[in-house]
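These notes are about the structure you will find just below.
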Amino acid sequence: MEQPPHKSKAVVSLHRLHKTLPDLITPYPSHPVPKQKLKTHQSVKNLTQSTVLQPNRTANSSAVVKEPALANNRTPTAVNSDKGQVLKPNQTTVANPTTNQVGANQSENTPTKSGSLAKEGSGNQDKGDAGKTVASNSTASPNLANCDFFDGEWVKDDSYPLYKPGSCSLVDEQFNCIHNGRPDKGYQKYKWKPKGCTLPRLNPHDMLDMLRGKRLVFVGDSLNRNMWESLVCILRGSVKDRSKVFEANGRRHFRGEASYSFVFKDYNCTIEFFVSPFLVQEWEMPVKDGSKKETLRLDLVGRSSSQYKSADIIVFNTGHWWTHDKTSKGKDYYQEGSHVYNELNVLEAFRKALTTWARWVDANVNPMKSLVFFRGYSASHFSGGQWNSGGQCDSEVEPIKNVTYLREYPSKMLVLEKVLRNMKTHVTYLNVTQMTDYRKDGHPSVYRKQNLSPEQRKSPMHFQDCSHWCLPGVPDAWNEILYANLLVNEKQKQQAQKRHR
């Protein structure tokens, strides 16, 4: 489990709080998935409308084909809900970012009131053009801005992965599945293919050019560490003199510290990670007998926030730690001010924490300078139990191919979407939930360690990681989507500059 940022008298270490908890995580409870297809980069017209962001949706299939390698604790889910509209993946809370964006995160026009999705931009909100390619010189097809990057499928591509397995010494043991003895390699040979556009292959030289002189910061839990390590490895592989890529404090292991920063000296840029699994502060509350109890301050943003508020690009996430026993039960744990709730529903606590985070972003992040992203929930695939009850995924070597077998959309992500909808700041929602749900084959499982202890050898099924992802692997695709968003942003800035000449 990730160490929290600080260990002091005022701040509790969740490493102690969950000291018997391995770095494995359970999936969310959820609600039925809507069947409406989505598009991306559309904006909500006003901040008080009743529509919410529409999650990952694909066409409904009338024929149900049995998934031969279906995990045995999964129940087929009919993708036929008529539940209300929700915020679209890649959608943001500022109107018309596709045509009027003048700052890094700022819209030129005031949002107009509407109960439906924005119709500005290219004027084509029904379908992005398929088959369009994106040049590798940091330019984006106009249709890329209107594409739903998250409505798609995984396809085999022998040109992947983006970096040679074993070539990046920076990958933590936990994610280094090939090094740890995983025999199959097929899981590395998939790329994500949206239905409405061609996702550009991540060109590390171009991305480094876009990041020249900038800070890109990941903030969140170990799944964001997974994404951070992926991007560092992708970019580092393109640098001729790798001695000019280094961790700012000389660190070679990336667990246990509050933050990490990789410097790309030739580009004067950094790729950073701040540990903040809840995005709000872990705490200790004194009790009458002189001891202290561990609480979570729903009203205080993570204490490292002042260190990254001025970063040029910030990618947030939270979610998995909210599924743990103490957070799920919510008894005598959640705190606001000096008040500790006797009991608080986890969804309400999650909403309060995200509202604290959102207000901090609105008050502290400069939308003319910074791009803000929020990456959604990444699916887990424990079969036959959970992380602490013999859950397994080591037999999985192929993705799920039938959408009928995907899980329902997490209720916590609906809470997130509602918070995003009411923010002043333009936040791009990276809704990776469905695209990760297909990939039951991509987890470390028993290959999360090279040398198992005698206890682990005796009972390997109790030590599987079916939450994080092998590297190279699934997080590389998240970074390709991040790259595509940056290409779109660069194109928007160029168009804005032309209009203002």
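Per-structure values
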{"item": "Members of Lys189/Lys440; Lys191/Lys412; Lys189/Lys244; Lys185/Lys449; Lys164/Lys440; Lys329/Lys412 lying beyond 19 Å, as alpha-carbon distances in this model show", "result": "Lys191/Lys412; Lys189/Lys244; Lys164/Lys440"}
{"item": "Set of the stretch 185-229 residues, backbone N closer than 16 Å to the point 7 Å along the Cα-Cβ line of Glu490", "result": "199-216"}
{"item": "In Hz, Karplus ³J(HN,Hα) per residue of the stretch 233-241 (6.51, -1.76, 1.60; θ = phi - 60°; x = Gly, Pro)", "result": "5, 4, 6, 4, x, 8, 8, 5, 9"}
{"item": "Dipole of the stretch 179-302, positive direction: furthest Cα of Ile234, Gly220, Val245, with charges on the beta-carbon", "result": "Ile234"}
{"item": "Amide proton proximity set for Tyr333, modelled H, under 5 Å, gap of 5+", "result": "Tyr341"}
{"item": "Portion, in percent, of the accessible area of the stretch 317-440 that falls on carbon or sulfur, probe 1.4 Å", "result": "47"}
{"item": "Per residue solvent-accessible surface (Å²) - the stretch 163-310, probe of 1.4 Å", "result": "40"}
{"item": "Ordering of 474-480, 443-449, 304-310 by packing [mean C-beta count within 10 Å, highest first]", "result": "474-480, 443-449, 304-310"}
{"item": "Efficiency of FRET from Cβ geometry, Gln497 and Asp158, R₀ 41 Å, rounded to 0.05", "result": "0.55"}
{"item": "Amide H contacts under 5 Å for Val427, placed H, 5+ residues apart", "result": "Thr93, Val94"}
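The values are calculated or read from the model by the stated rules, or taken from the named source; none is laboratory data. As the structure is a prediction and not an experimental result, all values here were calculated from the model. For neighbour counting, all protein chains shown are included, and Cβ atoms are generated from backbone atoms with ideal geometry for every residue, glycine included. Side chains are part of the model used for accessible areas, which takes the heavy atoms of the whole protein and leaves out ligands, DNA and RNA. Shrake-Rupley method; radii C 1.70, N 1.55, O 1.52, S 1.80 Å.
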